[in-house]
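The values are calculated or read from the model by the stated rules, or taken from the named source; none is laboratory data. Treat the numbers as computed from the prediction; the structure is a model and nothing was measured. Heads up, the Cβs are rebuilt from the backbone with ideal geometry, glycines too, and the neighbour counts pull from every protein chain shown.
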Amino acid sequence: MDNDELDKYAKEIVRITYQLERVCKSKEVIFCKDLEITPSEFRFLRHIKESKEVNAKDIADIMDSTAPRISKLLKDLQEKNYITIKKYKNDKRYSLISLSKKGDIFINEIMNEYIEFHKDLLSPICDKEDLPKMIKTLITFENTLTNFCSIN
């Protein structure tokens, strides 16, 4: 591939990633609207589901948010009985956050709906035979970006 072709594809990737970020945020707003949770709460619950337990500082880093915003998020989710927060006896500033039973059931139901939602989005895009190659390419791109971001 020559430099002009590579330049053309790089510009297209820039455009696509920018557009994907915008529409994915909009998609989360639309999806969460009927669930009575915010997109931030949804992302937070998904992260806890994957991690089992997290501390507030890690969540602030992962969600690229401020400590006051994370505190509000925790308070709101705790009021909805979706999470439990255990404070450390030796250091009250440090807490361990996990899903409550209600939160676990809720996020499982939501994730099943979210998967169905994405299946509906995938259906018209391409043939089922093309999906494995498309997913493999996207995973490679994700890994490349993740490695780049962890280095810098």
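At-a-glance table
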| item | result |
| --- | --- |
| Some residue of segment 70-85 being on the phi > 0 side of the Ramachandran plot, surrounded by 11 or more Cβ atoms within 10 Å (Cβ to Cβ) and among the polar types (S, T, N, Q) | yes |
| Filter pass, residue 1 being exposed (fewer than 10 other Cβ atoms within 10 Å of the Cβ) and modelled with pLDDT under 90 | yes |
| Filtered residues of segment 11-42 (kept if crowded, with 16+ Cβ neighbours inside 10 Å and closer than 22 Å to residue 142 by Cα) | 27, 28, 39, 40, 42 |
| Test: residue in segment 21-39 that is farther than 22 Å from residue 120 by Cβ and of a type in the set (Phe, Trp, Tyr) | no |
| Single unsatisfied condition, residue 123 versus (1) touching a residue at least 12 places away in the same chain (Cβ under 8 Å); (2) within 26 Å of residue 30 (Cβ to Cβ); (3) of a type in the set (Gly, Ala, Ser) | (1) |
